[in-house]
Amino acid sequence: MAKSKVREILKSNDTPKEKFDYLWGYYRWHVIIATLGLLLFGFMTYDFINRPVPYFHVSVLSPEIDPEEEEALAIELEELLQPEGKNESIFVTFTPYGQLAERFVAQLSAAEYDLILMDEQSYRQYADFGTMQEFDILELSEEDLHRTDIYDNTMAMETNQIPLFTEFDTTSDLYLMIPSNAQRKETIVDFFETQGYTIELIDS
């Protein structure tokens with residue numbers, strides 16, 4: 001019915017302006033809604049194509065952090081690991097104690113982290129949860145590594161043994177652990193190689 005009406009208007013003897021005015025008055029909301037729909041679709045497509053793809057994510061949970069060091073550490077990691085894929089990005093997250101710690105737990109549960117750095121208090125709390133990846137560092141002795149009663153192998157090391165982390169106040173004097181649900185294990189191995197270590201991730 002609508003198509004027939006449009007044909008009648010287009011075939012009429014009205015002037016082009018009169019035809020346009022009539023069609024616009026009758027169909028303007030259709031055009032506006034369709035245009036907004038196309039713009040929204042285009043925006044969502046652009047956002048999806050250009051969204052950052054995590055390549056490596058280091059998280060710090062500590063009462064003493066320097067937020068300004070987040071970006072500097074991310075830049076250092078990017079230079080070391082040199083992600084090549086489109087939109088692949090390095091993420092560094094510093095989380096102080098308090099309400100933001102809920103974000104840390106949520107992201108840990110969602111398998112977003114590759115390395116976790118914690119102060120001693122947090123380390124003692126999380127070490128017995130059984131949620132960390134066991135590993136071995138071939139260049140270090142057992143005295144240089146940490147384990148708890150529920151782990152058969154190493155599950156932590158001190159960040160001062162990692163040259164990169166000694167460059168920043170926030171990442172010094174902490175414990176380093178690898179979540180058992182980490183998704184980018186090849187990149188974890190690559191990172192340790194940049195620091196002069198050969199790491200072996202041990203299946204539980």
Exercise. Given a 1.4 Å probe and the protein chains all in place, what does the accessible area of residue 40 round to, in Å² to the nearest 10?
Worked result: 100 Å²
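With a 1.4 Å probe and all protein chains kept in place, how do 146, 30 rank by accessible area, largest first?
I get 30, 146, largest accessible area first.
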Seminar exercise, completed: Once both label points are put 7 Å beyond Cα along the C-beta direction, the residue 106-residue 64 separation in nm becomes 2.9 nm
Exercise. Zone of residue 136 (label point 7 Å along Cα→Cβ, backbone N under 15 Å): which residues in the range 164-204?
Worked result: 198-204
For this session: Express in Å², to the nearest 10, the accessible area of residue 109 obtained by rolling a 1.4 Å probe over the protein heavy atoms while all chains stay in place.
Result: 90 Å²
Exercise. When the accessible area of the range 89-204 is computed with all protein chains present and a 1.4 Å probe, what percentage of it is carbon and sulfur?
Worked result: 42 percent
Exercise. Counting only heavy atoms of protein chains, what accessible area per residue, in Å², does the range 108-195 have with a probe of 1.4 Å?
Worked result: 46 Å²
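The values are calculated or read from the model by the stated rules, or taken from the named source; none is laboratory data. All figures in this text were calculated on a predicted structure; none of them were measured in a lab. Note: ideal-geometry Cβ built from the backbone for every residue, glycine included; neighbour counts use all protein chains shown. With ligands, DNA and RNA removed, areas are computed over all heavy atoms of the protein, side chains included. Shrake-Rupley method; radii C 1.70, N 1.55, O 1.52, S 1.80 Å.
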